[in-house]
Amino acid sequence: MIRVLSNVLNAAELQAVRELLPQVGFNDGRVTNPGSEVKHNLQAPQEDPANARIAQLVREALFRNPDLRSYAQPRTMARTTVVRYEPGMDYGWHVDEALFPSQPPIRSDLSCTIFLNDPSEYEGGALTMQLGAQELAYKLDPGCAILYPSTTIHRVTPVTRGVRIAAITWLHSWIADAGRRELMIQIDEARALAARGIASAEQKQRLQVLLESLRSNLFRMWSDT
Ligand SMILES: O=C(O)CCC(=O)C(=O)O
Ligand SMILES: [Fe+2]
């Protein structure tokens with residue numbers, strides 16, 4: 001399931017990121033994917049101090065985000081890297097590697113992009129996912145993030161004007177199976193609704209559909225046919 005996370009970074013963190021970004025140094029993105037023929041971007045080396053500060057800010061913000069905790073059930077987060085796309089740069093259709101080469105390696109269950117600059121600052125540069133015959137394209141406000149299953153075929157379309165800057169990371173989930181993770185997300189939403197108290201007909205309907213969905217999907221999983 002693709003999920004948008006709004007305002008992952010707060011105003012103070014965004015300001016800190018804005019001040020740090022001009023200090024980030026960039027290398028050719030192919031350093032970490034030497035075999036890739038579709039990756040044409042720039043990325044900050046891990047040892048770059050400004051990248052490391054931004055990575056830490058973004059990592060802490062993601063980990064404390066309640067939606068991320070519910071949607072990803074995160075066990076481990078890979079390191080976070082600042083990426084930069086200048087005019088003519090893109091990242092063609094691909095699926096992310098299964099294992100992130102850290103020590104020990106981290107299996108990528110979910111991929112995450114945190115947008116760091118305003119979409120009005122560039123043209124093109126849409127993070128685009130392929131869902132069967134459909135394509136979904138995202139250009140989010142700075143500080144907002146998108147979380148998507150690492151099994152998704154996706155690309156960043158060519159930047160034709162300006163510069164696109166984002167931070168990327170991968171998550172290893174406590175629940176590897178996306179279908180099971182989805183059940184947990186629905187349970188979390190139902191729990192939150194119950195805890196708040198059902199105040200409107202709309203909320204009652206939502207709780208009803210969540211419970212029906214959980215029942216049908218668990219029955220589908222567990223029924224002997
Ligand atoms: O820059 C992005 O939004 C994602 C880039 C990407 O697909 C990747 O680095 O694997
Ligand atoms: Fe990717």
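Taken over the stretch 36-59, residues that are open to solvent by less than 70 Å² (accessible area, probe 1.4 Å) and either in a loop (DSSP other than H, G, I, E, B) or of a type in the set (D, E, K, R) (or both) amount to 8. None of 105, 158 is under 23 Å from residue 54 (Cα atoms) and either of a type in the set (Phe, Trp, Tyr) or away from ligand 2 (no atom under 11 Å from the Cβ) (or both) except 105.
Just one residue in the set 137, 167, 126 is open to solvent by 20 Å² or more (accessible area, probe 1.4 Å) and within 13 Å of ligand 1 (Cβ to nearest atom); that residue is 137.
No other residue among 142, 149, 158 is more than 22 Å from residue 57 (Cβ to Cβ), within 14 Å of ligand 1 (Cβ to nearest atom) and either open to solvent by less than 40 Å² (accessible area, probe 1.4 Å) or free of Cβ contacts under 8 Å to residues at least 12 places away in the same chain (or both) apart from 149. Quick one: count up the residues across the stretch 108-130 that are more than 16 Å from ligand 2 (Cβ to nearest atom) and hydroxyl-bearing (Ser, Thr, Tyr). Residues in the stretch 108-130 being more than 16 Å from ligand 2 (Cβ to nearest atom) and hydroxyl-bearing (Ser, Thr, Tyr): 2 in total. Looking across 133, 137, one residue alone is in the same structural domain as residue 41 (by TED's automatic domain parsing) and within 16 Å of ligand 2 (Cβ to nearest atom). It is 137.
The values are calculated or read from the model by the stated rules, or taken from the named source; none is laboratory data. Note that this is a predicted model, so its numbers are computed, not measured. Using ideal geometry, Cβ is built from the backbone for each residue, glycine included, and neighbour counts are taken over all protein chains shown. Heavy atoms of the whole protein, side chains included, go into the accessibility calculation; ligands, DNA and RNA do not. Shrake-Rupley method; radii C 1.70, N 1.55, O 1.52, S 1.80 Å.
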